[in-house]
Amino acid sequence: MKILKKADSIYDIFDRKGDNSPYVTHYCAGCGHGILHKLIGEVMDELKIQERSVMISPVGCAVFGYYYFNCGNVQTAHGRAPAVGTAISRAEDNAVVMSYQGDGDLASIGLNETIQTANRGEKIAVFFVNNTVYGMTGGQMAPTTLIGEVTVTTQNGRDPDYTGYPMHMCELLDNLKAPVLIERVSLANPKKIRKVKIAIKKALKIQKEGKGYSFIEVLSPCPTNLRTNVEETEKFLNEQMEKEFPVKRFRDRSKEVEKVKREKSDFSTENLDKIFNIDRTKVVEPTIDPSYEELNVKIAGFGGQGVLSAGLTLAQAACAEKRQVSWYPAYGPEQRGGTANCSVVIAGDTIGSPVVESSDILIAFNKPAYEKFSQNVNENGIIFYDSRIGEIDVLNNIKTISVPVHKIAIELGVPKAINTVMLGVLMEYGKKINKEISKESFHQGIKETFRSKPKLIDKNIEILEAGSNWARENLKL
Amino acid sequence: MTDKKTKLEPYPIIKKNECKACERCIIGCKQNALEMSKDLNDIGYYYAKYKGKNCNGCGDCYYTCPEPLAIEVHIPKKKKNRKDNYGSEDNG
């Protein structure tokens, strides 16, 4: 006896509906999703790939795919299945990755990612369910809505002058070189459904063998939103949809192509530490010291003046002192000449927010930065600024210190190192306000910041000293 | 006792409470062997029923049904020439 019945790769119970009907899907009567689910499940069984499979559910009616497919499941943000699929397929080379997406998800919000992913030839089988409407949200026009088709948002029928033409995804992707299989099939009737299964099998065999991208567009019935009965639905698929979206195999390169070769992923702690430059022998655990009052530092200037790296060095130095530290940069899109600033919070206890609204110390490297941030310096705060800014307005009797950073930096032969001069000044100032960060810690900070440019470390330590010397002689509070 | 004349016929099993009355199987059945019930099932729908004869085991109702768990088709083993289920195995 042969029994045609549910595949092992489909769950025995569908918890989605729960209560009194745990054996039915959440889909409407006559919906194509259940049919496609069943077929994919059967093929997973037949190819024996269930244990290797990861199904990616979209946003749309099939959002609950993980209630049905008994395999790995991920549900992604709207249209983002190709990106997530790419990640899974690359991280787990042996995975059979399937992305199950509707026409809104794939052809509208996810169109770019779909094309890019196809173009890279990722090892993903895409099942693109085209039913010409946004189903879940109530039957609005989708990218695949036919010309003249009435939907909730095209009450007089889709007008191409106003909303363009139906998106032909297979044809679009067929312009790309990388995809291995592109085919359009239809769920209109039992005969065609069997052809869908053959196409699914081809697509998943390509994945099983790791050969690359396969794309199956499935014309699918949505009787609820089309407001049709069973005969009309079949007729709509056969006569109208197929006219616009011809059912055919656009390409099949599965016999020509080889397995895609990917480098082996290594997620071991050792390897990740190497990538991120982490030396676990040198990890410094911060201490809790409630007596240490939080210090908020803002460093601001042009991009390129070393604003962000000065902040990083300071943060690293404070880390070496076992303080709780945050570093928070803010900058424009310009590589050079845009405004840049960073906030460094140094605290004795857990930091609530890395954002510095009002600072205890402001370091301003140019006039706009001075003008912008000097208004938000605390009453007992202090401002250090590049002496080249010249005349400044002093607000609320806040202490302002003009530092000849450029002059000092030039004397040491590195005109760009004004940021390190300023750090030297800051090191000295710290002692005066009982917030000392030791010389050794600053050296440590410089070593961290210039880790990729070791030649600069000694020079910057020298510049730091010069800044510190200047402050010792000139800083009078 | 096996009677040589007892011919094993294929038949569908339609789970009453898993049917939502979409009618796909009824219009999909070339043998016209299925019909809609007169009463409602436990989840509030009419449901497809097997009329009790003429199933040829083609599997069309199973494949066209949108509910993965609702229909099974039981097909007795016969000699080769069956055309059922031609989407599987060697067609991939």
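The values are calculated or read from the model by the stated rules, or taken from the named source; none is laboratory data. Keep in mind it's a predicted model, so treat the numbers as computed, not measured. Virtual Cβ from ideal backbone geometry, glycine too; neighbours counted across all protein chains shown. The accessibility values were calculated without ligands, DNA or RNA, using every heavy atom of the protein model including side chains. Shrake-Rupley method; radii C 1.70, N 1.55, O 1.52, S 1.80 Å.
Residues in chain A average 47 Å² of solvent-accessible surface per residue, probe 1.4 Å, ligands and nucleic acids excluded. Residues of region B:17-39 that bury at least 30 Å² of accessible area when the other protein chains are present, relative to the chain alone (probe 1.4 Å, heavy atoms, ligands and nucleic acids excluded): B:18, B:20, B:22, B:24, B:27. Taking the C-alpha atoms only, the angle from helix A:111-120 to the longest principal axis of chain A is near 90 degrees. Rounded to whole numbers, the Karplus 3J(HN,Hα) couplings from phi for region A:380-392 are 8, x, 9, 10, 9, 9, 4, 4, 5, 4, x, 4, 9 Hz, using 6.51 cos²θ - 1.76 cosθ + 1.60 with θ = phi - 60°, and x at Gly and Pro. Going by accessible surface with a 1.4 Å probe and the largest first, A:435, B:49, A:191, A:416 read A:416, A:191, B:49, A:435. Against the empirical curve 2.2 N^0.38 Å, the C-alpha radius of gyration of region A:1-67 lands at a ratio of 1.15. Seen from residue A:174, the other residues with C-beta closer than 13 Å to its C-beta sum to a net charge of +2, counting Lys and Arg as +1 and Asp and Glu as -1. Couplings 3J(HN,Hα) of region B:48-56, computed from phi: 6, 10, 7, 6, x, 8, 6, 5, 10 Hz, in residue order, whole Hz [Karplus 6.51 cos²θ - 1.76 cosθ + 1.60, θ = phi - 60°; x for Gly and Pro]. From the alpha carbon centroid of region A:1-58 to that of region A:94-140 is 19 Å. Remark: relative contact order (region A:281-474) = 21 percent; criterion is Cα-Cα distance under 8 angstrom and separation of 6 or more residues. In region A:1-49, the residues whose accessible area drops by at least 50 square angstrom when the other protein chains are added to the isolated chain are A:1, A:2, A:4, A:23, A:24, A:29, A:38; the probe is 1.4 Å and only protein heavy atoms count.
Other residues lying with their Cβ under 12 Å from the Cβ of residue A:378 contribute a combined charge of -3, Lys and Arg counting +1, Asp and Glu -1. Within the shell defined by Cβ-Cβ distances under 15 Å, the residues around residue A:286 carry a net charge of -2, with Lys and Arg each +1 and Asp and Glu each -1.
On association of chains A and B, roughly 3600 Å² of accessible area becomes buried (total for both chains; probe 1.4 Å). Note on region A:378-397 and region A:223-252: Cα centroid distance 72 Å, given to the nearest whole angstrom. Residue A:52 exposes around 60 Å² of accessible area when a 1.4 Å probe is run over every protein chain in place.
Calculate I(q)/I(0) for the protein assembly as shown by the Debye formula, one identical point scatterer on each C-alpha and no solvent, and give its log10 at q = 0.06, 0.07 Å⁻¹ to two decimals. For the protein assembly as shown at q = 0.06, 0.07 Å⁻¹, log10 I(q)/I(0) is -0.51, -0.62. Per residue, region B:11-79 exposes 47 Å² of accessible surface when a 1.4 Å probe is rolled over the protein heavy atoms with every protein chain present.
Counting only protein chain heavy atoms and rolling a 1.4 Å probe, the accessible areas of A:282, A:243 rank, largest first, as A:243, A:282. Just check region A:281-474 against the gyration tensor rule for me: Cα atoms, a ≥ b ≥ c as the square roots of the eigenvalues, rounded for a/c under 1.5, and otherwise prolate or oblate depending on whether a/b exceeds b/c. Rounded, because the longest to shortest axis ratio a/c is under 1.5.
Only protein heavy atoms count here; on that basis, with a 1.4 Å probe, residue A:321 has an accessible area of about 50 Å².
Here the accessible area of chain A is 49 percent carbon and sulfur, with a 1.4 angstrom probe and all protein chains present. Could you tell me whether region A:128-176 comes out rounded, prolate or oblate from its Cα gyration tensor? Rule is a ≥ b ≥ c as square roots of the eigenvalues, rounded for a/c under 1.5, then prolate if a/b exceeds b/c, otherwise oblate. Cα axes put region A:128-176 in the oblate bin.
Note on surface exposure: A:327, A:470 rank A:327, A:470 by accessible area, highest first, 1.4 Å probe. Mind checking the angle between helix A:81-91 and chain A's longest principal axis? C-alpha axes, 0 to 90 degrees, to the nearest 10. Result, in degrees: 70.
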